[in-house]
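The values are calculated or read from the model by the stated rules, or taken from the named source; none is laboratory data. Only a predicted model underlies this, so the values are computations on that prediction, with no experimental measurement involved. Every residue, glycine among them, receives a Cβ derived from its backbone with ideal geometry; neighbour counts consider all protein chains shown.
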Amino acid sequence: MQLGDVQATYADINDLKAVTGFQPSTSIDEGLKKFVDWYMAYLK
């Protein structure tokens, strides 16, 4: 952990969902893979 890092965060998207109907559906595993794939392509 670095200075300023937080141990845990808790996002609450209930208001966003109520207003827009948006509900995230990407799992953490899928999201991380997509990010790494994008980043590796970005570096090229």
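So the values come out like this:
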quantity: Where a residue in segment 32-44 is surrounded by 10 or more Cβ atoms within 10 Å (Cβ to Cβ) and its partner, wherever it lies, is not in a helix (DSSP H, G or I), with Cβ under 9 Å and at least six apart; calculated: Lys34/Thr26
quantity: Flag for Val6 being out of contact with any Cys (no Cβ under 7 Å at 6 or more places or on another chain) and at pLDDT below 90; calculated: yes
quantity: Any hit, segment 27-41, residues being part of a loop (DSSP other than H, G, I, E, B) and either within 16 Å of the chain's Cα centre (by Cα) or at pLDDT 95 or above (or both); calculated: yes
